[in-house]
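Colleague: Handing you this structure, nothing more for now.
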Amino acid sequence: MMVLGREKQLRQKIIAIGRKLGNLNLVVANSGNLSARLDKDNIFITATATSLGQLEPKDIIRINLKNEKDLKNKRLSTEFPMHRLIYESFEAKTVIHCHPPLSNGYFSVYSDLKNLTFESQVYLGDVRALLQETPSITKPELVIEALKTNNLAVIKNHGVISIGQSFKEGFDLIETLEEAIKVASVARLFDKGALDDLDKALRQDLTQKTDSYKMFSKEHIQTIVDLVNKDELISKKGQELDLTLELAIKLNEDDRVYRFVFEKGKIKKLEFDHNAPFVISASQDIWELVFLGKLDPFVAVTQGKMALKGQLGQLSRWYVPFKRLFELFKQVKIR
């Protein structure tokens, strides 16, 4: 009975998020599809040719990802292979695929999102459109690669995909994206050059070092510390914002930890413990994306790819210098 009750509840959640998408005109006619994980091997997914805004229980089918008969169900959408691969690749519990009009219009012209507000920078991070040559997603592996660095992926001339631990998480990303595009569009009405001059200081190129270091080695982290302490923007903002705190970063696989002791924007000490009010931890594959500059730690924390001990809101006070610090990460080559 408990299982049946859980299945009924999950179907109701799918129906509810479908109606919400429909009411906000984020889907039209029979476009888009939704799915949710029931357990390790089973998911619920909306059937082909169903209207997300007017779903009924019969429009939602249960599929066992290990059952060949289920995988040949004729009611499966052409986007099912993408949903299947997402659940096989991530621990996501929900997937939303829809066609928001502002997002589709914006990314038909631009290849990446111009984040003009701190909120969209923190929650969305880098959003770039994936190229596609067919009406349905025929290369789901490209979506998987995009979702490794962001829980939101955009398919040019098609739509968006979001994943999360709940439909609310995924919907919030889509709604935030639509709002960010509204802001960018209005900004261009005021100043057409506004989108071309964003964050110049944050994107400032430093002299590239030719040396490479083993990731998370002492030499690797010390080289980053040296760059931070020489950086003019961090020094300036560190003074203005009184960047004085202790922040530790931790590698989950072997509990390696580095604690940065900041004073007015300078790293005065580098310690090797996690006795700090803020500790950012993640697996090796996630840290590699961070150090390669492919994943913003602020975004990784808000999207659950990295864990944070401490309040993100408190760290946000120093968003600009920390954003710059994360930019410096990729200046140090890793091997």
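Colleague: Using a 10 angstrom cutoff on alpha carbons, build the Gaussian network for the chain and name the most mobile of GLN311, GLN165, GLN132.
Modeller: Comparing GLN311, GLN165, GLN132 in the GNM, the peak value goes to GLN311.
Colleague: Could you put ASP126, ASP59, ASP211 in order, starting from the residue whose Cβ has the fewest other Cβ atoms within 10 Å?
Modeller: Arranged by neighbour count, lowest to highest, ASP126, ASP59, ASP211 become ASP211, ASP126, ASP59.
Colleague: When the chain is fully extended, how far beyond the present Cα-Cα distance does SER89 get from VAL261, taking 0.36 nm per residue of separation?
Modeller: Here the answer is 58.2 nm.
Colleague: Would you work out the charge dipole size for the chain about its Cα centre, treating the Cβ of every Lys and Arg as +1 and the Cβ of every Asp and Glu as -1, and quote it to the nearest 20 debye?
Modeller: So the magnitude is around 540 debye.
Colleague: Taking 7 Å along the Cα-to-C-beta vector as the label spot, tell me the LEU65-LYS236 distance in nanometres, rounded to one decimal.
Modeller: 4.8 nm
Colleague: Calculate the FRET efficiency for ILE334 and GLN54 from the Cβ-Cβ distance with a Förster distance of 56 Å, rounded to the nearest 0.05.
Modeller: Plugging the Cβ-Cβ distance into 1/(1 + (r/R0)^6) gives 0.65.
Colleague: Could you give the length gained on full extension between GLN314 and GLU133, defined as 0.36 nm per residue of separation minus the Cα-Cα distance, in nm?
Modeller: So the chain would gain 60.8 nm between GLN314 and GLU133.
Colleague: Nearest 0.05, what FRET efficiency do ALA307 and GLU271 give at R0 = 25 Å with Cβ-Cβ as r?
Modeller: That gives a FRET efficiency of 0.80.
Colleague: Of the candidates ARG11, ARG256, ARG128, which one comes out as most mobile in a Gaussian network treatment of the chain with C-alpha springs shorter than 10 Å?
Modeller: Looking only at ARG11, ARG256, ARG128, the largest GNM fluctuation is found for ARG256.
Colleague: Looking at the square roots a ≥ b ≥ c of the eigenvalues of the Cα gyration tensor of segment 212-334, which shape do they give, rounded for a/c under 1.5, prolate if a/b is larger than b/c, or oblate?
Modeller: Rounded, because the longest to shortest axis ratio a/c is under 1.5.
Colleague: Let me ask something else. State the answer as a single residue: which of GLY265, THR149, PRO101 lies farthest towards the positive end of the charge dipole of the chain, with beta carbon charges of +1 for Lys and Arg and -1 for Asp and Glu, about the Cα centre.
Modeller: It is PRO101, whose Cα lies furthest towards the positive end.
Colleague: So, in Å, what gap is there between the alpha-carbon centers of segment 284-312 and segment 25-49?
Modeller: Rounded to whole Å, the Cα centres lie 28 Å apart.
Colleague: Per the helix-only calculation at 222 nm, which mean residue ellipticity applies to the chain, given -39500 (n - 2.57) for every DSSP H run of n ≥ 4 and division by its residues, nearest 500 deg cm²/dmol?
Modeller: After summing the helix terms and dividing by residue count, I get -11500 deg cm²/dmol.
Colleague: If you don't mind, another one. Which order do GLU178, GLU240, GLU91 fall in if you start with the one that has the fewest other Cβ atoms within 10 Å?
Modeller: Result, fewest neighbours first: GLU91, GLU240, GLU178.
Colleague: Using a 10 Å cut-off around each Cβ, can you sort TRP318, TRP287 from fewest to most neighbouring Cβ atoms?
Modeller: Ranking TRP318, TRP287 by Cβ neighbours within 10 Å, fewest first, gives TRP318, TRP287.
Colleague: For PHE118 and LYS168, compute 0.36 nm times the residue count separating them, minus their Cα-Cα distance, and round to one decimal in nm.
Modeller: Extra length available between PHE118 and LYS168 comes to 15.9 nm.
Just so you know, all these numbers are worked out from the coordinates, no wet-lab data involved. Note that the coordinates shown come from a computational prediction; the quantities given were computed from them, not determined experimentally. Neighbour counts are summed over all protein chains in view; Cβ atoms, including those assigned to glycine, are modelled from backbone coordinates with ideal geometry.
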